[in-house]
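The values are calculated or read from the model by the stated rules, or taken from the named source; none is laboratory data. Since this is a predicted model, take the numbers as computed values, not measurements. Please note: Cβ atoms are built from the backbone with ideal geometry, for glycine as well, and neighbour counts cover all protein chains shown. What goes into the accessible areas is simple: the full protein's heavy atoms, side chains included, and nothing from ligands, DNA or RNA. Shrake-Rupley method; radii C 1.70, N 1.55, O 1.52, S 1.80 Å.
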Amino acid sequence: MNAPLPSEVLKQHLIDPEICIRCNTCEETCPIGAITHDSNNYVVDAAICNSCMACVPPCPTGSIDNWRLMLRVEAYSVQEQLGWDELPKEKELPDAIAETSVAIDTLPDAVSAAVPAAFTVPGSSVPPWSAAHPYVNLYTHKAPMTATVVGNYRVTGADTESDIHHIVLDFGELPFPVLEGQSIGILPPGSDAQGRPQHARQYSLASPRDGERAGYNNLSLTVKRVTEDHGGTAAHGVCSNYLCDLAKNDTVQVIGPFGHTFLMPNHARANLIMICTGTGSAPMRAMTERFRRRIGTGENGKLMLFFGARTERELPYFGPLMKLPRDFIDINLALSREPGQPKRYVQDLIRERAPQVRELLSDRNTCIYVCGLKGMEVGVLDALREVTMQSGQDWSILHDVLRREGRLHFETY
């Protein structure tokens, strides 16, 4: 058992600014508000952090899992951390204290405080048991990979405000191994308002592990051109507009790959329930295409998709999606602004398809994936709870099992 650290010693939790892709996952996950950020960095407030570790598993890059042993009075302040471009080196402790400090490489039992009871992580922090091994952080801000644009196509109706593009990037002869559910970072050119180089923006893969075109060293992204914020105020998305305007043969700087939990199961007869809105369809497309390429092999289980958008014209990949065989994938479209139709959201369709959803939930081979806007989490969980309770089951028990076994995953923003 690890002995507690001396009271004057702190194992400070820090975020590596060279690896962090500013995805906001850690700040959203922290149950006590210990993580904050500015336009430069995400940082941990040592005065608040209780080392509960809730933020560590969801981090797609591992940048959150850094610690420095130091005198408590010398702890790095929030303002110091906000100005960093890289992590500082370890500070040397006074000899008398260093001799009594143990367990430098692991968190001592004394500080492994429990996550507050009111805080519940909605999804799993581990991948499905059979998921393939992911490679992460092969390319970094200091040593990015150069990819070439080999395709850039709009995949929503030209008459709609939702300008979503399917972008294909080729890596030539250099390795860039990825899995369905992973993401990459794009480094847009130019500087921010403070004169610093633009930080990376994260995008989920829309293609399977063997490439957008099978056997080719490429991948695809689903990118929505950002022209306003969530409140409807005009806003220029730096990276989204950069990507949507790229032409064939242009080059881009790429880092990653990232992600080690939002991965599809790799064993035969696994079932997938996929729930998404808008560009949250990217990982679902990747997983569906992985299944499609295995048709006839006997390896596939069932696929069930709940896909939400305002109208059919604003659904990315609507045409190709509707051409998939009905016995291959069970497609449920939730349209909230389709003329002449009542508003319907993904959680409404989950309730409507309750018997089929319950059947899949009862199978230990079923994994659930949710991707889209942060606000959809509550609605989806409420619908799954209602579906479960209709059969007399206790949702809290099933929810815990799904999370523990890596079978319920959220990627929301």
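Could you tell me which of rounded, prolate or oblate describes the range 145-257, using a ≥ b ≥ c as the square roots of the eigenvalues of the alpha-carbon gyration tensor, with rounded for a/c under 1.5 and, failing that, prolate when a/b is larger than b/c and oblate otherwise?
Since a/c reaches 1.5 but b/c is at least a/b, the shape of the range 145-257 is classed as oblate.
Using θ = phi - 60° and the Karplus form 6.51 cos²θ - 1.76 cosθ + 1.60, what ³J(HN,Hα) does each residue of the range 63-72 get, whole Hz, x for Gly and Pro?
5, 6, 9, 10, 9, 10, 8, 7, 5, 4
Return a whole-number percent for the relative contact order of the range 184-238, with Cα pairs under 8 Å and 6 or more residues apart as the contact set.
23 percent
With every protein chain kept in the model, how would you rank 233, 148 by accessible area, 1.4 Å probe, largest at the top?
Most to least solvent-accessible, the answer reads 233, 148.
If one takes the longest principal axis of the Cα atoms in the chain, at what angle in degrees, from 0 to 90 and to the nearest 10, does the Cα axis of helix 376-389 lie?
The helix 376-389 is inclined about 70 degrees to the chain.
Expressed as a rounded percentage, what relative contact order does the chain have, with Cα pairs under 8 Å and six or more residues apart?
Relative contact order, the chain: 16 percent.
Provide the solvent-accessible area of residue 42, counting protein heavy atoms only and rolling a 1.4 Å probe, rounded to the nearest 10 Å².
20 Å²
Could you tell me how many degrees, from 0 to 90 and to the nearest 10, lie between the Cα long axis of helix 395-404 and the main elongation axis, the longest principal axis, of the Cα atoms of the chain?
Around 70 degrees separate the two axes.
May I ask you to compute the full-extension gain from residue 328 to residue 48, defined as 0.36 nm times their residue separation minus their alpha-carbon distance, rounded to one decimal in nm?
95.8 nm
If amide H atoms are built 1.01 Å from N in the plane of the peptide, which residues on other chains or at least 5 residues away come under 5 Å of the amide H of residue 154?
166
Can you find, among 398, 349, 138, the residue sitting farthest towards the positive end of the charge dipole of the chain, where Lys and Arg contribute +1 and Asp and Glu -1 at Cβ?
Looking along the dipole axis, the top candidate is 349.
Hey, if we sort 129, 67 by accessible area with the 1.4 Å probe, largest down, what's the order?
129, 67
Rounding to the nearest 10 and keeping the result within 0 to 90°, find how far the Cα-based axis of helix 281-292 lies from the longest principal axis of the chain.
That helix lies at roughly 60 degrees to the long axis.
Going by a ≥ b ≥ c, the root eigenvalues of the Cα gyration tensor, does the range 262-413 fall in the rounded group (a/c under 1.5), the prolate group (a/b larger than b/c) or the oblate group?
Taking the square roots of the gyration eigenvalues as a ≥ b ≥ c, the range 262-413 is oblate.
Could you give me the ³J(HN,Hα) list for the range 144-157, computed from phi with Karplus coefficients 6.51, -1.76, 1.60 and θ = phi - 60°, whole Hz, x at Gly and Pro?
x, 9, 9, 10, 10, 6, 10, x, 8, 10, 6, 10, 10, x
With charges set only on the Cβ (+1 for Lys and Arg, -1 for Asp and Glu), what does the dipole of the chain come to about its Cα centre, in debye to the nearest 20?
The dipole of the chain has a size of about 1520 debye.
Have a look at 244, 268, 125 and report the one farthest towards the positive end of the charge dipole of the chain, computed about the Cα centre with Cβ charges (Lys/Arg +1, Asp/Glu -1).
So the residue we want is 268.
Please arrange 141, 133, 230 by accessible surface area, largest first, computed with a 1.4 Å probe and ligands excluded.
So the residues, ranked largest to smallest area, are 230, 133, 141.
For the range 127-234, state which GluC sites (Glu not before Pro) are in a DSSP loop and have at most 14 other beta carbons lying within 10 Å of their beta carbon.
Sites meeting the loop and neighbour criteria: 161, 173.
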